[in-house]
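Chemist: Have a look at this one.
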Amino acid sequence: GQWNLTIFDTYIMFIHNKAWSVFYYYLLGNIFWFIPFGIFLKALTTLNARKVILCGFFFSLTIELSQWIFSCGVFEIDDLILNTLGVCIGACIMQWFMKKRA
């Protein structure tokens with residue numbers, strides 16, 4: 001498998017090539033696809049937001065390592081960072097919602 005451990009290298013390339021639609025697709029996609037994970041894990045467990053984010057990090061790490069091990073994608077440090085950010089946003093949204101309802 002392949003890996004890219006240079007932080008945001010791919011995104012810098014998209015910006016350099018003025019590939020804005022691809023840049024936003026990958027940037028927002030990596031975040032938005034993981035927001036539901038944070039929401040549901042926070043809602044369905046008694047884990048605090050920090051532990052939900054940690055679970056999201058390890059879930060994303062599992063996906064990235066699987067792509068590398070099985071040569072079905074590229075292990076990208078960017079994906080790990082942005083996916084974890086998505087989980088964080090989801091967990092914070094649910095934590096805010098739960099406090100509002102209390």
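The values are calculated or read from the model by the stated rules, or taken from the named source; none is laboratory data. Small disclaimer: the values here were computed from a predicted structure and weren't measured. Backbone-built Cβ (ideal geometry, glycine too); neighbour counts: all protein chains shown. Note: accessible area is taken over every heavy atom of the protein model, side chains too, but ligands, DNA and RNA are not part of it. Shrake-Rupley method; radii C 1.70, N 1.55, O 1.52, S 1.80 Å.
Chemist: Measuring from the lowest to the highest alpha carbon on each principal axis, how far does the range 21-72 reach, largest first, in angstroms?
Modeler: Principal extents (Cα only, largest first): 35, 29, 14 Å.
Chemist: Additional query: What does the charge add up to near Q2, with Lys and Arg as +1, Asp and Glu as -1, over the other residues with Cβ less than 12 Å from its Cβ?
Modeler: Charge balance near Q2 sits at -2.
Chemist: Further, regarding this structure: Under unit Cβ charges (Lys, Arg +1; Asp, Glu -1), what dipole magnitude, rounded to 20 debye, does the range 26-102 have relative to its Cα centre?
Modeler: Rounded to the nearest 20 debye, it is 660 debye.
Chemist: Now, a different point. To the nearest 10 degrees, how steeply does helix 49-69 sit against the main Cα axis of the chain, on a 0 to 90 scale?
Modeler: Value to nearest ten degrees: 30.
Chemist: How many lysine pairs does the chain hold where the Cα atoms are under 23 Å apart and the two sit 8 or more places apart or on different chains?
Modeler: Step by step, the pairs that qualify in the chain add up to 5.
Chemist: What chymotrypsin sites (Phe, Trp or Tyr not before Pro) does the range 35-102 have in DSSP loop regions with at most 11 other beta carbons within 10 Å?
Modeler: Within the range 35-102, the qualifying chymotrypsin sites (Phe, Trp or Tyr not before Pro) (loop, at most 11 other Cβ atoms within 10 Å) are F70.
Chemist: As a check on your grasp of the helix formula, calculate [θ] at 222 nm for the chain: sum -39500 (n - 2.57) over DSSP H runs of n ≥ 4, divide by the residue count, round to the nearest 500.
Modeler: -25000 deg cm²/dmol
Chemist: Let me ask something additional. Please list the equivalent ellipsoid semi-axes of the chain, computed as the square roots of five times the alpha-carbon gyration tensor eigenvalues, in descending order and whole angstrom.
Modeler: They are 28, 17, 9 Å, listed largest first.
Chemist: Can you tell me how much longer the chain between K18 and F32 gets when fully stretched, taken as 0.36 nm per residue apart minus their C-alpha distance, in nm with one decimal?
Modeler: My answer for the length gained is 2.8 nm.
Chemist: Using heavy-atom solvent-accessible surface (probe 1.4 Å) with all chains present, what is the largest-first order of T10, T62?
Modeler: The ranking, largest first, comes out as T62, T10.
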